[in-house]
Amino acid sequence: MKLRGRIVDVGDEREVETKYGSRSLAEVTVRPEGDGWVPDGGQTDSGDADHGRAARGEDGDGQTTLGDADGETSLSDADGETTPAERDTGDGTVRLTLWGKWTHTVEHAEVGMELLAIDVEESEYRGETTYATGGDSRVVLEPGFLVDVTDIRSWVQCPRMYYLNKLSGIPLNYPVVKGTIVHEVFGDLLRDRDLEDSIDERVREAGLELGLLGRDADEVRDEVRRNAAAIEGWLQQGTLTEEDAWRSEYTLISPTFGIKGRADALRRGMPVELKTGKNTNREPRFQDKIQAAAYALVLAERGVPADTGTLLYTKNTALERHEESGDLSPAKEFSIGDGLLDFVVRTRNEIAAMEFDVSVPTGYEADARCEYCFEQDTCMVVSGRLDQESKAGQIGEAVPEDELEYFERFYRAIEAERRAVHAEYRKLWEQSAEERAEDDRALIGLEPAGNEELDDGRWEMRARKSDDAVSKLREGDVALASDGDPVDGHAELCRIRELGEAVVVTADEPVSLRRLDVYPSEIGVDRMLTALHDFVLKGDPDRKDVLFGRREPEFADGDASEGGEGDREPYVDNNAAQDRAVQMAVDAEDFALVHGPPGTGKTYTIAQIVAALVDRGQRVLLSAFTNRAVDNALEAIRERGIDDVVRVGTENGVREDMLDVRLERGGDPNERAAALRDAPVVAATTSTCGSRVMRENAFDVALVDEASQLTEPGTLAAVELADRFVLVGDHEQLPPVVQASGTQRGAASPNGSSASGEEPRPANDLQTSLFERLIETYPDASVLLDRQYRMSQRIQAFSSREFYDGALRPANGAVAAQRLSDLGVDEGALPPALGDPVAFVDPDGERVGNTNPTEADRVAEIVDAYVAAGVDPDDVGVIAPFRAQVAEIGRRTDVTVDTVDRFQGSAKEVIVVSFVATDALDGPIFEDYRRINVALTRAKKALALVGDAEALSTEPFYERLLDWARR
């Protein structure tokens, strides 16, 4: 039987006397949720003679649990009171008695946590049903939080090491890079690739990283070859039958035990883990055993009883017998028993509990010996700088109190974001396939169209979509490909190559492609945390003085504040605001802010700034939130005549016409490193700036576009690579993308108070960008681009008044007066409702889920009317708040239809907005008025709003919108 629910009370561990001696027990009270009680195959009928181990008085160690001489179940505590574990305490809760090793659970359990107990034993006591753990039971805290297997291994080494790895990320060092190469070669050998071909290709692929580390390719090949000898020799010894199989990089997810990971390999269903170090003991290292055992635990849940694990220490074959003593064999097998699996669960529970309350481990939780730890110095420095308790002790002086408080707030906010990512993991098994498809998280019902092995040993899988389903998936994404069941079936992490009527993905192993799921990634969370760590612990004190409000930002002597007057030549001849922005960016000794409302020429201004900086011999990092913005800015820079640029990114992420300047990571190490280090302009997304390769670079100036869409730590990932920075954005458009709950408006200073003097906001600090915080704190360090080149006067009027205090205006009369007739459109052919450049149409529809079919019909009719009057279909765009409505409208028209987020940064001659809502204003577009600003300002010459007037009139903002549209 399984018990699952929220903990409402946690008792203390205590000693009780039973017929069989003194025992430890503890009790937790749980409120079952939904189907919190689930019978399983291990449930024993309470009417049987011994009704399970609990009634027999035995747990898995043969120790006493429950049972007295008369056959009744009872126990007594020190006061002699009988305390049965009851199913129902009268208020819908259940009390569960934990025995033996599972009493350890109460040390970490907290009220509000979710608890899952499996193989719970049920018995009767004086007419009451009682529940307790037995020999086969396991107790899992927060099973919905998926702990990675490698994190369990780190925790076993030392909980502080787990914490330090979270903070500092994976460094660029030779052992890490070489280990990755050896793992890749291992996978290739399992796929029957030639060893020498594999080594050559994998070393070549790592050319950039090896070059940055100053490594010679031939020496690396020799080292990898020595490691690979252990792999090859062991594989030859373990010849498999035709019925047996190898699986490499096998993705495993356990909803029961809250564990995820990718096993290096499975051999006859048994886990094999590769270690590029040495081990001359007969037994594998304990932490390595735990890693393999964790995979065995997940495999057992899938019905694959893995009772043996293998650790392959590849460096052992490179050791000389006369230099080393002990067992030099690389392969070390060990037995995996229930005791080891239980230890895995309990260790995983400790991590989940720490993540639940966002606490910081001290190192005392484990038996690690600090004096032998290679991370001891780092641990002591971090403990000292952040004023943390640590078993290793502290070194150095703590950072100022405001910086400690800043670190703590953002650490908690980032960890809340991590939990939101884990909530997305849970949906893989909590939602049905149909629910995930409806929620745009999966493409289901795919028809497999064949698999093909590629030259590099990987596989290409093809399938056909049977309908016009839409999802959040995009070409280039990493997704989860499966045979229809991503959790209990066969699933592989894959890269999406094509996503049209034909679906094409590549993966390490083949799978019958019937379903494709969004696979949540913690990379963004990890890199935010690393950026926070680097800023607070390693950041320039002078910069921190400015960002923490201890001094004003400074500028070199120049004419920026005078609007370009003086003897200097203007950077921009016909736009004073753009000219001031360039001057301020050049003169900034700390930072400059460029506030660019829609259509004001942000990209052009960025190009002028970069050109001015390059002319002064400055090395520039060009970054943005999205690949599209990076490539748009890079295009403008190249048009300005700057061709010595490097684009860092994946082949799928970089725009096709920018691939010629994309940095190839593979090749000669010296050449690859020089190509990156010598480039005066390097362009990459802010996420890429947090990668271990980019963190090795230094720049004079970092220029970040879309800065208002970035979280503060996300922006720090880029700006911390440079001496000075320029942020370009508009905090009146889309805010940072944050999954964790909490809504807030306005900017917070580092001490948590609002820069405008309002009350401090208790919500998620990630929802306010660094751009917004700084522009509210230091308005004199910013320039507003106030002339827009996109919209007619009629269209831009509402946004100018509502969001920019009326400062935004058309750049010239031609922009202000533009109409559809300028395109050769017969405006007289349009229906009267669309005669004005801004129109509102009420279709009298009804919302159905996240769609409004009647409204979709009307939108399609409006699009047809514009096209019939002479508007090119490519000049028409439709914006809807839900992907389901996007699909609904897409079935009725061939013009571009997408969400607000996807339309950010683009524009059309005609925009039609579908609001969907008919009762409450519920949906993404209504959550923040800034989203409406984005939707309205995509239009150049005509804007049609389609929605329910009565619903929109319920809020003053939308009532003003209606008044403007109906004018």
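The values are calculated or read from the model by the stated rules, or taken from the named source; none is laboratory data. Keep in mind that this is a model prediction, so the values were computed, not measured. For neighbour counting, all protein chains shown are included, and Cβ atoms are generated from backbone atoms with ideal geometry for every residue, glycine included. In case anyone asks, the SASA skips ligands and DNA or RNA and just uses the protein heavy atoms, side chains included. Shrake-Rupley method; radii C 1.70, N 1.55, O 1.52, S 1.80 Å.
As a size descriptor, the averaged projected area of the C-alpha convex hull of the range 298-352 was calculated at 5.6 nm². The lysines within cross-link reach of residue 908, meaning a Cα-to-Cα straight distance under 16 Å and a gap of 8 or more places when in the same chain, are 940, 941. Given R0 = 22 Å, the distance between the Cβ atoms of residue 826 and residue 789 translates into a calculated FRET efficiency of 0.30. Placing unit charges on each Cβ (+1 for Lys and Arg, -1 for Asp and Glu) gives the range 790-966 a dipole about its Cα centre, and among 904, 838, 961 the Cα reaching farthest toward its positive end belongs to 904.
Taking other residues whose beta carbon is less than 10 angstrom from the beta carbon of residue 277, and scoring Lys, Arg as +1 and Asp, Glu as -1, yields +3. Counting charges near residue 427 (Lys, Arg +1; Asp, Glu -1) among other residues having Cβ under 10 Å from its Cβ returns a value of -2. Can you work out D for the range 849-967 in µm² s⁻¹ from Stokes-Einstein, where Rh is the Kirkwood radius over C-alpha pairs, the temperature is 37 °C and the viscosity is 0.692 mPa s? D = 232 µm²/s.
Ellipticity at 222 nm from helices only: DSSP H runs of n ≥ 4 in the chain, each -39500 (n - 2.57), divided by the residue count, give -10000 deg cm²/dmol. DSSP bridge analysis restricted to the chain gives an antiparallel fraction near 60%, rounded to the nearest 5.
Rounded to whole numbers, the Karplus 3J(HN,Hα) couplings from phi for the range 532-544 are 4, 4, 5, 5, 6, 8, 10, x, 4, x, 5, 5, 5 Hz, using 6.51 cos²θ - 1.76 cosθ + 1.60 with θ = phi - 60°, and x at Gly and Pro.
Helix 286-301 and the longest principal axis of the Cα set of the chain meet at an angle near 80°. Near the amide H of residue 124, within less than 5 Å, lie the amide hydrogens of 130, all on another chain or at least 5 residues away, with H placed in the peptide plane. Taking Cα centroids, how far is the range 913-967 from the range 874-901 in Å? If we compute the Cα centre of each part, the gap is 16 Å. Within the range 349-429, report the chymotrypsin sites (Phe, Trp or Tyr not before Pro) that DSSP leaves as loop and that have at most 10 other Cβ atoms within 10 Å. Qualifying residues, ordered by number: 374. Other residues with beta-carbon under 9 Å from the beta-carbon of residue 107 carry, at +1 per Lys or Arg and -1 per Asp or Glu, a net charge of -2. Computed about the Cα centre, the dipole magnitude for the range 192-319 is approximately 660 debye when only Lys and Arg (+1) and Asp and Glu (-1) carry charge, each at its Cβ.
Residues whose amide H lies under 5 Å from that of residue 9, counting only those 5 or more places away or on a different chain, are 29; hydrogens are built 1.01 Å from N in the peptide plane. Note on residue 2: lysines with a C-alpha under 29 Å away, same-chain residues under 8 apart excluded, are 19, 101, 260, 289, 427.
With all protein chains present, how much of the accessible area of the chain (probe radius 1.4 Å) comes from carbon and sulfur, to the nearest whole percent? Carbon and sulfur: 43 percent of the exposed surface of the chain. 3J(HN,Hα) couplings calculated from phi for the range 378-390 with the Karplus curve 6.51 cos²θ - 1.76 cosθ + 1.60 (θ = phi - 60°) are, in sequence order, 4, 4, 5, 5, 4, 4, x, 5, 9, 6, 10, 6, 8 Hz; Gly and Pro show x. Separation of the range 675-719 and the range 505-555 by C-alpha centroid, Å? Centre-to-centre (Cα) distance: 11 Å. Solvent-accessible surface of the chain, averaged per residue with a 1.4 angstrom probe and all protein chains in place: 40 square angstrom.
If the label point is 7 Å along Cα→Cβ of residue 370, which residues in the range 383-412 have backbone nitrogen under 14 Å from it? Zone members listed by number: 383-396.
Using the average count of surrounding beta-carbon atoms within 10 Å as a protection proxy, the listed peptides 838-844, 309-315, 392-398 rank, highest first, as 309-315, 838-844, 392-398.
For Kirkwood radius over Cα pairs in Å, the choices are (i) 31.4; (ii) 28.7; (iii) 35.3; which was calculated from the structure? Entry (i).
In the calculated pair-distance distribution of the range 473-559, the portion above 21 angstrom amounts to 55 percent of the Cα-Cα pairs. Comparing 885, 421, 506 along the charge dipole axis of the chain, the residue lying farthest to the positive side is 506, per the Cβ-charge model.
Pairwise Cα distances in the range 348-391 exceed 14 Å in 54 percent of cases.
The order of the peptides 887-894, 935-942 by mean Cβ neighbours within 10 Å, most packed first, is 935-942, 887-894. The per residue volume of the convex hull around the alpha-carbon atoms of the range 397-500 is 171 Å³.
Evaluated with a Cβ-only charge set (Lys, Arg +1; Asp, Glu -1), the range 426-556 carries a dipole of roughly 540 debye about its Cα centre, given to the nearest 20.
Qualifying trypsin sites (Lys or Arg not before Pro) in the range 346-378, where qualification requires a DSSP coil assignment and no more than 12 other C-beta atoms within 10 Å, comprise 369.
Around the amide H of residue 878, modelled in the peptide plane, lie the amide H atoms of 896, 897, 898, 912, all under 5 Å away and 5 or more residues distant in sequence or on another chain.
Going toward the positive end of the dipole of the chain, with +1 on Lys and Arg Cβ and -1 on Asp and Glu Cβ, which of 8, 605, 738 do you reach last? With unit charges placed on the Cβ atoms, the residue in question is 605.
Could you tell me what percent of the DSSP beta bridges with both partners in the range 790-966 are antiparallel, to the nearest 5? For the range 790-966, the DSSP antiparallel bridge percentage is about 5. A Cβ-based charge dipole, computed about the Cα centre of the chain with Lys and Arg at +1 and Asp and Glu at -1, lands at about 1320 debye.
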